[in-house]
Amino acid sequence: MTETLDAARRAELLEPLFATGWAMDAERDAIRKTFMFRNFVQAFGWMTQVALHAEKLNHHPEWSNVYKTVEVLLSTHDADGLTELDVKLAKRMDALA
Ligand code: H2B
């Protein structure tokens, strides 16, 4: 779970995420996505739900919120790159949005 994804797993697991708006971060082995909500309450409510899942997974996003926009970067610090945990959290974020 804490090993970085190899090329085959990347192709398999990241392609579906790219289709939903995730993109590779150019400088880090990470994925990014900007989530837009109707208003601040929707954005912060989503962050609260994601936070509970992140805590359960023991895997935490790098993110920032301005009004109704949330910028997210996912990477596994312990592995210094992308792992299945990032994919899991990204899918959960999409499902909750
Ligand atoms: N979150 C992320 N994104 N990457 C990690 O490597 C990580 C984490 N490690 N949350 C966890 C916590 C680790 O620090 C604890 C000790 O398990």
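Quick one: helix 7-18 against the long Cα principal axis of the chain, what's the angle to the nearest 10°, folded into 0 to 90?
It works out to around 20 degrees.
Of Ala26, Leu89, Thr4, whose Cα points farthest to the positive end of the dipole of the chain (charges on the beta-carbon: +1 Lys, Arg; -1 Asp, Glu; origin at the Cα centre)?
Leu89
What's the angle, to the nearest 10 degrees (0 to 90), between helix 84-96's Cα axis and the longest principal axis of the chain?
So the inclination is approximately 30 degrees.
For Ala19 and Val41 in one chain, what is 0.36 nm times their gap in residues minus the Cα-Cα distance, to one decimal in nm? Intermediate values should be presented prior to the final figure.
On the way: separation 22, 0.36 × 22 = 7.92 nm, distance 2.66 nm.
In short, 5.3 nm is gained.
Please grab the % of Cα pairs in the chain that end up more than 15 Å from each other.
Working: 2711 of 4656 pairs.
Every Cα pair in the chain considered, those over 15 Å come to 58 percent.
Over the chain, how many pairs of lysines fall under 15 Å by alpha carbon, counting only those 8 or more apart in sequence or from different chains?
On the way: Lys33/Lys68; Lys33/Lys88; Lys33/Lys91; Lys56/Lys88; Lys56/Lys91.
So the count of such lysine pairs works out to 5.
Output the 0 to 90 degree angle, nearest 10, between the alpha-carbon long axis of helix 40-57 and the longest principal axis computed from the alpha carbons of the chain.
In the chain, helix 40-57 runs at an angle near 40 degrees to the longest axis.
Enter the accessible area of Leu52 (Å², nearest 10), with the probe set to 1.4 Å and all protein chains included.
Its heavy atoms expose roughly 120 Å² to the probe.
Evaluate the relative contact order of the range 7-96 (contact order divided by residue number), counting alpha-carbon pairs under 8 angstrom at least 6 apart; express in whole percent.
Working: 110 pairs, mean separation 27.4, N = 90.
It comes to 30 percent, rounded to a whole number.
The values are calculated or read from the model by the stated rules, or taken from the named source; none is laboratory data. Bear in mind the structure is a predicted one, so any value in this text is a computation, not a measurement. FYI the Cβ positions are ideal-geometry reconstructions off the backbone, even for glycines, and counts take in every protein chain you see. For the accessible areas, the whole protein counts, side chains as well, though only heavy atoms, and no ligand, DNA or RNA atoms are used. Shrake-Rupley method; radii C 1.70, N 1.55, O 1.52, S 1.80 Å.
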